[in-house]
Amino acid sequence: MKKLFLYCLLFIVLFSADLAAQNSKMKPSNNVSHQDSLKKTLVELNHSEKHKVLQYAHQLKQDVDQQIIAEYNMLTEEQKKYLTAYAKSLTETEKEKQLTTISWDSDTFEFGQIDEGEIAEHTFKVTNTGKLPLVIDSAKSSCSCTVPEYPSYPIPPGESAEITIKFDSNKRTGPIQKAVVLYNNSSPNFRSILKIKGLVVPKK
């Protein structure tokens, strides 16, 4: 009787294991289920919408944090300090930003007299005289005819950078004075103002 009981118990265990294995094979995995759902959805999308899905999939695959850390580890200790300070500055409000000091070779350029239609161009030089990186966040000109070009990267302490301003005199004559405001983390006003002026002679 005891042996019969053991045989019955063994048969139940083996049968249960075999049944569980069969159920496992029959049940689709979550991955397959999601894949089938995606395929059905893609059929309903147009070409442009499918490209958006593709771009999103690409973004999900990228680990931007790890890419930044990889680049960080390739920098010198001084450069690491600048990068960390710059990243932190992006999370701070204007009043919270750590300020630096700067000096300009000049803040005004007189281009003299030019003929209407000519382009006046000048490059200003700024030096970071403080102890923290100088970050120029944005620039705003007083006229669409005046276009500034400035570095998008942080300017380390002790180093200089160039800011170029181009003035297009087309359809603008007479005495001219244009200004460009550079918004940055310089003390005390969080901005610098550069001016360009002169005389535009009308076309004859």
Report summary line: With the first residue restricted to region 40-53 and required to be of a type in the set (Lys, Arg), and the second required to be outside any helix (DSSP H, G or I), Cβ contacts under 9 Å at 6 or more apart or on different chains are 52/45
Query raised in the report: Looking at region 168-179, is at least one residue of a type in the set (Asp, Glu) and part of a loop (DSSP other than H, G, I, E, B)?
Result: no
Report task. Under 7 Å between Cβ atoms, at least 6 apart or on separate chains: pull out the pairs that start in region 72-99 with a residue that is of a type in the set (Lys, Arg) and end on any residue that is at pLDDT 80 or above. Result -> 80/72; 97/185
Requested in this report: Name every residue in region 160-180 that is surrounded by fewer than 17 Cβ atoms within 10 Å (Cβ to Cβ) and within 29 Å of residue 81 (Cβ to Cβ), in order of residue number.
Outcome: 160, 162, 164
Query raised in the report: Which pairs do you get when a residue that is under 15 Å from residue 107 (Cβ atoms), found in region 159-173, comes within reach of a residue that is among the aromatic types (Phe, Trp, Tyr) and in a loop (DSSP other than H, G, I, E, B), reach meaning Cβ atoms under 7 angstrom, with the pair 6+ apart or on two chains?
Result: 163/150
Query raised in the report: Which residue pairs have Cβ atoms closer than 7 Å, lie 6 or more positions apart in sequence or on different chains, and pair a first residue in region 118-143 that is without any contact (Cβ under 8 Å) to a residue 24 or more places away in the chain and within 18 Å of residue 185 (Cα to Cα) with a second residue that is among the charged types (D, E, K, R) and not in a strand (DSSP E or B)?
Result: none
Requested in this report: Filter region 56-77 for residues that are modelled with pLDDT of 80 or more, part of a loop (DSSP other than H, G, I, E, B) and surrounded by 10 or more Cβ atoms within 10 Å (Cβ to Cβ) and give the result.
Outcome: 75
Requested in this report: Would you check which residues across region 138-159 are buried (at least 16 other Cβ atoms within 10 Å of the Cβ) and part of a strand (DSSP E or B) and list them?
Outcome: 139, 141, 146, 147, 148, 155
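The values are calculated or read from the model by the stated rules, or taken from the named source; none is laboratory data. A quick note: this is a predicted structure, and the numbers were derived from the prediction, not measured. Every residue, glycine as well, gets a Cβ built from its backbone with ideal geometry; the counts of neighbours run over all protein chains shown.
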